[in-house]
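All remarks here apply to the structure that follows.
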Amino acid sequence: MKTTTKALIRSKYVWITDKLKRTPFAKPRQKDMDTLIHSIELSQRFMPNATLESKKHNLREAAKYINKVVIYPGEVFSFWHVVGNPNNKQRFMEGRSIHGGVLSTDVGGGLCQASGIIHHLALLAGMEVIERFNHSVDIYTDETRFAPLGTDATVFFGFKDLRLRNTLTHPIAFELVIEAGQLRCILKSKEKVKANTLHYDISTDQQNRKHVNVADENGNVISQSTYQTP
């Protein structure tokens, strides 16, 4: 059975489960955007490669939907619930992706940079991370890394999602801005959000695996990741 077919079956199962659980997903609410007057922001540079323009196209397509969603207190932001099926060739182009630590090209490739920067911003804002997966292999060096190790979030339609709950007392929204040399992500809010100071504890075990704990300014571990090294 093809991976795309498995993903569609799996996504249908998740959709039914969410319906039964009555998961309160965030929705497009353009009328509320003008009330979100405060913001905190992150940026990541783009790494030059042969599929960069396709990646930017995919990020812009995802941003069309992400930038319309307002997340009320208690609601859940689901990356795939908002962005939709990345295998749709009428919307997405082939871009670079990483599967099992191996670089390849896939329709919708490059979207992990969007999910990663959103996850990083969610940690700064103190949101609850319900579902998140780190990449299995750390393919970057300290010189080429565009985000702190431990803040990435890989997404694989039908199998791996990024889900965040708004635990703040007011509405918020994410805005993606795709520029020539960088990706910017802005968390907009109705009231001021104090950004956490994050602390990173990285250790390497005897199998040469990296273990990363991300803690907030109070010392609470808010994210854990394990990476193989190439």
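The values are calculated or read from the model by the stated rules, or taken from the named source; none is laboratory data. Worth saying up front: this structure is predicted, and the values here are computed from it rather than measured. Ideal geometry is used to build each Cβ from the backbone, glycine not excepted, and the neighbour counts take in all protein chains shown. In case anyone asks, the SASA skips ligands and DNA or RNA and just uses the protein heavy atoms, side chains included. Shrake-Rupley method; radii C 1.70, N 1.55, O 1.52, S 1.80 Å.
Picking from residues in the range 21-34 that are open to solvent by 100 Å² or more (accessible area, probe 1.4 Å) and within 18 Å of ARG165 (Cα to Cα), the one that is nearest to the chain's Cα centre (by Cα) is LYS27.
In the set SER203, SER223, only one residue is without any contact (Cβ under 8 Å) to a residue 60 or more places away in the chain, in a strand (DSSP E or B) and over 15 Å from VAL137 (Cβ atoms); that residue is SER203.
What about LEU183, is it of a type outside the set (Gly, Ala, Ser), assigned to a loop (DSSP other than H, G, I, E, B), buried (at least 17 other Cβ atoms within 10 Å of the Cβ) and touching a residue at least 24 places away in the same chain (Cβ under 8 Å)?
Details: of a type outside the set (Gly, Ala, Ser): yes; assigned to a loop (DSSP other than H, G, I, E, B): no; buried (at least 17 other Cβ atoms within 10 Å of the Cβ): yes; touching a residue at least 24 places away in the same chain (Cβ under 8 Å): yes.
Taking the combined requirement at face value, the residue does not satisfy it.
The numbered conditions (1) in contact with a helix residue (DSSP H, G or I) (Cβ under 7 Å, 6 or more places away or on another chain); (2) closer than 18 Å to VAL83 by Cβ; (3) not β-branched (Val, Ile, Thr) are all true for ARG163 except (1).
Restrict the check to the range 202-221 and report whether at least one residue is among the hydroxyl-bearing types (Ser, Thr, Tyr) and closer than 21 Å to GLU41 by Cα.
The first filter runs over the range 202-221 and keeps only residues among the hydroxyl-bearing types (Ser, Thr, Tyr), leaving 203-204.
Retained after the next criterion (residues that are closer than 21 Å to GLU41 by Cα): none.
There is no residue in the range 202-221 that is among the hydroxyl-bearing types (Ser, Thr, Tyr) and closer than 21 Å to GLU41 by Cα.
Taking the criterion of being within 30 Å of LYS190 (Cβ to Cβ), touching a residue at least 60 places away in the same chain (Cβ under 8 Å), in contact with a Ser or Thr (Cβ under 8 Å, 6 or more places away or on another chain) and open to solvent by 20 Å² or more (accessible area, probe 1.4 Å), the residues of the range 121-154 that qualify are GLY126, VAL129, ARG132, ASP152.
For the range 55-68, check the following and say yes or no: at least one residue is open to solvent by 70 Å² or more (accessible area, probe 1.4 Å) and among the hydrophobic types (A, V, I, L, M, F, W, C). Checking the range 55-68: not a single residue is open to solvent by 70 Å² or more (accessible area, probe 1.4 Å) and among the hydrophobic types (A, V, I, L, M, F, W, C).
Here the range 144-174 is the region considered, the condition is being part of a strand (DSSP E or B) and of a type in the set (A, V, I, L, M, F, W, C), and the residue that is nearest to ALA63 (Cα to Cα) is PHE174.
Candidates are the residues of the range 1-17 that are touching a residue at least 24 places away in the same chain (Cβ under 8 Å) and open to solvent by less than 60 Å² (accessible area, probe 1.4 Å); the one that is farthest from GLN182 (Cα to Cα) is VAL14.
In the range 71-84, is there at least one residue being free of Cβ contacts under 8 Å to residues at least 12 places away in the same chain, open to solvent by 70 Å² or more (accessible area, probe 1.4 Å) and either over 21 Å from GLU191 (Cβ atoms) or assigned to a helix (DSSP H, G or I) (or both)?
So the first thing to find is which residues in the range 71-84 are free of Cβ contacts under 8 Å to residues at least 12 places away in the same chain, and the list is none.
No.
Among the residues making up the range 122-174, those that are in contact with a Leu (Cβ under 8 Å, 6 or more places away or on another chain) and β-branched (Val, Ile, Thr) are VAL129, ILE130, ILE139, THR151, VAL155, ILE172.
Against the condition surrounded by fewer than 20 Cβ atoms within 10 Å (Cβ to Cβ), among the hydroxyl-bearing types (Ser, Thr, Tyr), modelled with pLDDT of 95 or more and within 18 Å of the chain's Cα centre (by Cα), how does THR226 come out, does it pass? I'd like the intermediate steps shown before the answer.
Numbers: surrounded by fewer than 20 Cβ atoms within 10 Å (Cβ to Cβ): yes; among the hydroxyl-bearing types (Ser, Thr, Tyr): yes; modelled with pLDDT of 95 or more: yes; within 18 Å of the chain's Cα centre (by Cα): yes.
Yes; evaluated as a whole, the condition is true for this residue.
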